[in-house]
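Report on the following structure.
The values are calculated or read from the model by the stated rules, or taken from the named source; none is laboratory data. Since this is a predicted model, take the numbers as computed values, not measurements. Neighbour counts run over all protein chains shown; Cβ positions are idealised from the backbone, glycine included. To get the accessible areas, we keep the full protein, side chains included, count just its heavy atoms, and leave off ligands, DNA and RNA. Shrake-Rupley method; radii C 1.70, N 1.55, O 1.52, S 1.80 Å.
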Amino acid sequence: QVQLVESGGGLVQAGDSLRLSCAASGRAFSSYSMAWFRQAPEKERSFVATISWSGGNTFYADSVKGRFTIARDNAKNTVYLQMNSLKPEDTGIYYCAATTSVRLLTTIQRSDYWGQGTQVTVSS
């Protein structure tokens, strides 16, 4: 069993930056592909970014490419999401997710574990 705990959300202005963290329990963290998803008000949860178990491969949603960076520290069992140049449309609850598959995690259906989410609000 894996537990994921997100932190780092908050209220910022457009153009600001935030860094989200996701701390994972369990000794197998370094073998999991990890991802961030978000859910805007009255919208479905959607993919944001994913990273392979080694950190060597990453993939981003087009809407955040060039502004967000996903990274991981396997020694600390933590995955990060650095968010720069934030826009009001980035507002939502950000969820950390993990899969035991070696494939990059890009869909809700393939996620094995979820965190409780952290709120990000970007004002204009």
Distance in nm between Ala71 and Thr100 label points, each 7 Å along Cα→Cβ, equals 3.0 nm
Taking Lys and Arg as +1 and Asp and Glu as -1, residues besides Ser52 with C-beta under 10 Å from its C-beta add up to +2
The percentage of the accessible area of region 35-124 (probe 1.4 Å, all protein chains present) made up of carbon and sulfur atoms, to the nearest whole number, is 48 percent
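Give me the net charge of Cys22's neighbourhood, meaning all other residues with Cβ under 10 Å from the Cβ of Cys22; Lys, Arg count +1, Asp, Glu -1. Please list the in-between numbers first.
Values: positive: Arg72; negative: Glu6.
Result for the local shell: 0.
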Protection proxy (average C-beta count within 10 Å per residue), highest first, orders 32-42, 84-94, 7-17 as 32-42, 84-94, 7-17
Length gained, Gln82-Ser25, 0.36 nm per residue minus C-alpha separation, equals 18.4 nm
In Å², rounded to a whole number, the accessible area per residue of the chain with probe 1.4 Å is 51 Å²
Given a Förster distance of 25 Å, the FRET efficiency implied by the Cβ-Cβ spacing of Ser54 and Gln109, rounded to the nearest 0.05, works out to 0.60
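Tally Lys and Arg at +1 and Asp and Glu at -1 over the other residues with C-beta under 13 Å from the C-beta of Val64: what net charge comes out?
Neighbour charge sum, excluding Val64 itself: +1.
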The Cα radius of gyration of the chain, divided by 2.2 N^0.38 Å with N its residue count, comes to 0.97
Quick numbers on region 71-118, Rg and Dmax over C-alpha atoms in Å, give 12.5, 34
